[in-house]
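Working notes for the structure below.
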Amino acid sequence: MKDSIILPEILYEDKHILVINKPPGLIIQGAKEDKESLLTILKNFIKKRDNKAGNVFLGIVHRLDKKVSGVLVFAKRSKSAKRLFESFQKKEIIKLYLAVVEGVLKGEGVWEDYLLWDSKKRKTVVLKEASKNTKKAITFYFTLYNFKNRTFVLLFPITGRKHQLRAVLFKRGYPIIGDIKYGSKKRILNGKAILLHSLYLSFPHPISKEKLEFWAKVPDYFFFNVKYKEKILRLLKNVHKYLNRIKYEENKNFK
């Protein structure tokens, strides 16, 4: 591993989980074990720091695309990985993303789409109706503000489909700035990044069940206006209320 590699910011760590602020331009896991990736960087760091003789276990329970930044959690025990995966399946985890898109998007709402992965083009295709091999995607969006011909928008995906946010925004004519694969004409950090950031992640601790919340600072290249932080906090309260209402309805129906 090269000495020039910078360790990602660690937001939280205990013996069960590791939460980091992922930088853009770095894949989570390489096809080959020796390929530079976030996983190998973190494993090498822990091995050296803790003076471990054997292999370091880090379980991948969710992913961010290579050019996306923000909060990411790893499991440090197989038991933790299993329980975190179950939390994702039960929709106990809240993920909020900040995106900057081309064009003027206004208001707030929910998008329901059917996504199909095109393995040849390595892109997600958005369809209006269900068909063979499609997966339903649900995305809430909240416009924060418009600046010139771009929009800062908060995204709350209920589902976690491959390239979900990138594809549904492109389909509606609002490509994420820097996302050349999905229609943008601009490059960010010489093509290393797109303006999509995993801003907030909340989940129950896999062992203690304590509610954990993590924020990842918005990168400077977003040029985000910090006066809108209060609006994000208000919107987040609405997201929590929505999820609590859904859980209540589910529990009531199955009594």
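None of the figures in this text is laboratory data; all of them are computed from the coordinates on show. Owing to the predicted nature of the structure, the values given are computational and were not obtained by experimental measurement. Reconstructed Cβ throughout: ideal geometry from the backbone, glycine too, with neighbour counts over all protein chains shown.
For segment 9-253, what's the relative contact order in percent, using C-alpha pairs closer than 8 Å and at least 6 residues apart? For segment 9-253, the relative contact order is 19 percent. Mind checking the log10 I(q)/I(0) for segment 1-154 at q = 0.10, 0.11, 0.13, 0.21 Å⁻¹? Debye, one equal scatterer per Cα, no solvent, two decimals. Reported log10 I(q)/I(0), two decimals: -0.50, -0.60, -0.81, -1.41. Taking a ≥ b ≥ c as the square roots of the eigenvalues of the Cα gyration tensor, an a/c ratio of 1.5 or more together with a/b no larger than b/c marks segment 118-255 as oblate. Using amide H atoms built in the peptide plane, which far-off residues or other-chain residues are under 5 Å from G59 H to H? Correct list: A75, K76, R77.
Based on DSSP H segments of at least four residues, each scored -39500 (n - 2.57), the chain has a per-residue ellipticity at 222 nm of -7000 deg cm²/dmol. Projected over every direction and averaged, the convex hull enclosing the alpha-carbon atoms of segment 9-253 yields 15.0 nm².
Looking at segment 50-140, the GluC sites (Glu not before Pro) that sit in a DSSP loop and have at most 14 other Cβ atoms within 10 Å of their own Cβ are E129. Charge tally for F203 (other residues, Cβ to Cβ under 13 Å; Lys, Arg +1; Asp, Glu -1): +2.
Taking every DSSP bridge with both residues inside the chain, close to 95 percent are antiparallel.
What the phi angles of segment 226-234 give under the Karplus curve with 6.51, -1.76 and 1.60, with θ = phi - 60°, is a coupling list of 5, 5, 8, 4, 4, 5, 4, 5, 5 Hz, glycine and proline written as x.
For segment 60-135 versus segment 193-227, the inter-centroid distance based on Cα atoms is 15 Å.
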